[in-house]
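To keep things clear, I will list the structure first and then write my remarks on it.
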Amino acid sequence: MTYFVTYGTSIAFFAYFALTRQEFNLSDVNDRRFLITFYKNARKQNWNVEKYNELRDRIEHVEADLKRLRDPLRLTSGNLKSEETSILAGQLNVGSFKDMLKTKLTSSL
């Protein structure tokens with residue numbers, strides 16, 4: 001019984017590879033199945049997939065810009081904690097950052 005199950009599975013995996021020219025990885029198979037059904041449903045609904053992809057790219061670009069603008073120096077409150085004060089990254093400006101570095105350097109000497 002085990003021989004036939006193993007042999008049948010091997011044939012199924014080879015057939016999948018022969019049809020798709022991709023390895024049989026579960027995540028890749030799920031992605032492929034999702035895309036096939038997505039495009040099939042889009043055709044049925046007369047939905048413009050190119051416009052959808054363009055809007056998704058714009059949203060991604062704007063979210064990346066917002067993330068960059070919210071945290072321009074990649075500073076977080078965990079990186080700025082000192083013994084005396086804790087400055088949030090949103091409240092930090094260049095002048096206070098320089099002052100904080102000066103006080104850190106002079107206190108460590």
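Worth a mention:
- Computed over neighbours whose Cβ is under 13 Å from that of Thr37, the net charge equals +4, Lys and Arg +1, Asp and Glu -1.
- Taking a sphere under 13 Å around the Cβ of Phe14 and counting the other residues whose Cβ falls inside, with K and R at +1 and D and E at -1, yields a net charge of 0.
Bear in mind that the values in this text are calculations on the coordinates, not laboratory data. Note that the coordinates shown come from a computational prediction; the quantities given were computed from them, not determined experimentally. Every residue, glycine among them, receives a Cβ derived from its backbone with ideal geometry; neighbour counts consider all protein chains shown.
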